[in-house]
């Protein structure tokens with residue numbers, strides 16, 4: 001095991017679907033506890049962590065829009081879903097003994113703190129785990145793009161994306177048994193091959209700011225800390 005983690009400051013992207021656990025809707029407390037435990041293990045080896053969480057386990061604005069509803073209103077509802085998920089993660093993280101704060105892209109002062117660069121830097125200096133809610137605060141942008149933006153703003157050494165599988169594949173491995181997993185791939189290759197791990201804006205933003213993207217299974221036991229120790233299965237996207 002390495003004495004120092006491979007990446008010290010990282011942004012962890014957690015999808016809303018990951019919080020479902022074995023449920024069909026909502027938030028599984030066992031899953032938030034598992035994610036919080038992974039974060040605690042990473043902090044214990046010296047990492048500084050920010051988390052961006054999606055809202056798809058509760059609501060997706062683009063799904064509503066596909067049925068003819070207003071996309072802007074739908075995305076605003078999705079922003080509220082990410083806030084609920086962020087609060088659930090905060091509770092689970094605090095249960096591990098860590099200090100945690102939710103910074104929201106949308107003003108909700110009675111519920112969360114509002115994101116600003118100064119607040120971000122102060123919280124990082126205080127050693128807090130930060131959960132970012134509300135995406136970037138605007139419709140038409142995914143929480144993947146929010147994750148890339150927050151990774152740049154916090155000066156992250158890497159963006160970790162926890163998914164349902166252990167990396168990036170040439171096709172959906174659940175549908176194509178011949179799909180192959182990439183160990184390393186460049187940002188440009190991800191875009192050129194149309195690999196649907198993150199949207200193009202997010203991949204471009206991490207590429208332009210020289211931030212590696214590490215894709216791993218959010219369900220793997222000790223998956224996050226194993227990768228930080230130079231072990232574990234993942235795909236690393238870097239130049």
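The values are calculated or read from the model by the stated rules, or taken from the named source; none is laboratory data. This is a predicted model, so every value here is computed, not measured. As a convention, Cβ positions derive from the backbone with ideal geometry for all residues, glycine included, and neighbour counts pool all protein chains shown.
Checked against (1) more than 27 Å from residue 48 (Cα to Cα); (2) in contact with a strand residue (DSSP E or B) (Cβ under 6 Å, 6 or more places away or on another chain), residue 212 passes all but a single condition, namely (1).
Within the stretch 35-82, restricting attention to residues that are in contact with a strand residue (DSSP E or B) (Cβ under 7 Å, 6 or more places away or on another chain) and farther than 16 Å from residue 136 by Cβ, the residue that is surrounded by the fewest Cβ atoms within 10 Å (Cβ to Cβ) is 43. Within the stretch 112-125, the set of residues being surrounded by fewer than 19 Cβ atoms within 10 Å (Cβ to Cβ) and either out of contact with any strand residue (DSSP E or B) (no Cβ under 9 Å at 6 or more places or on another chain) or within 23 Å of residue 18 (Cα to Cα) (or both) comprises 117, 118, 121, 122, 125.
Filtering the stretch 133-156 to residues that are more than 11 Å from the chain's Cα centre (by Cα) and assigned to a loop (DSSP other than H, G, I, E, B) leaves 134, 136, 137, 138, 139, 140, 141, 142, 154, 155, 156.
Only one of 98, 11 is touching a helix residue (DSSP H, G or I) at 6+ places or on another chain (Cβ under 9 Å) and buried (at least 22 other Cβ atoms within 10 Å of the Cβ). Can you tell me which? That would be 11, the only listed residue that is touching a helix residue (DSSP H, G or I) at 6+ places or on another chain (Cβ under 9 Å) and buried (at least 22 other Cβ atoms within 10 Å of the Cβ).
Here are 89, 159: which of them is surrounded by 14 or more Cβ atoms within 10 Å (Cβ to Cβ), closer than 23 Å to residue 239 by Cα and within 14 Å of the chain's Cα centre (by Cα)? The conditions single out 159.
The conditions of being in contact with a strand residue (DSSP E or B) (Cβ under 7 Å, 6 or more places away or on another chain) and within 27 Å of residue 232 (Cα to Cα) are met by residue 12.
Of the residues in the stretch 188-204, not one is modelled with pLDDT under 95, part of a strand (DSSP E or B) and either touching a strand residue (DSSP E or B) at 6+ places or on another chain (Cβ under 6 Å) or within 18 Å of residue 54 (Cα to Cα) (or both). Based on what the data block shows, is residue 145 over 28 Å from residue 46 (Cβ atoms) and crowded, with 21+ Cβ neighbours inside 10 Å? Yes. Selection of the stretch 205-239 for residues being free of Cβ contacts under 8 Å to residues at least 12 places away in the same chain, assigned to a helix (DSSP H, G or I) and either in contact with a helix residue (DSSP H, G or I) (Cβ under 7 Å, 6 or more places away or on another chain) or closer than 25 Å to residue 28 by Cα (or both) yields only 226. Listed here are the helices (runs of 4 or more DSSP H) enclosed by the stretch 23-108 that have at least 1 residues being in contact (Cβ under 8 Å) with a residue 60 or more places away in the chain and over 26 Å from residue 154 (Cβ atoms): 29-44, 71-95.
Checking residue 169 against (1) out of contact with any strand residue (DSSP E or B) (no Cβ under 6 Å at 6 or more places or on another chain); (2) surrounded by 15 or more Cβ atoms within 10 Å (Cβ to Cβ); (3) free of Cβ contacts under 8 Å to residues at least 40 places away in the same chain, which single condition isn't satisfied? Status for residue 169: all satisfied but (1).
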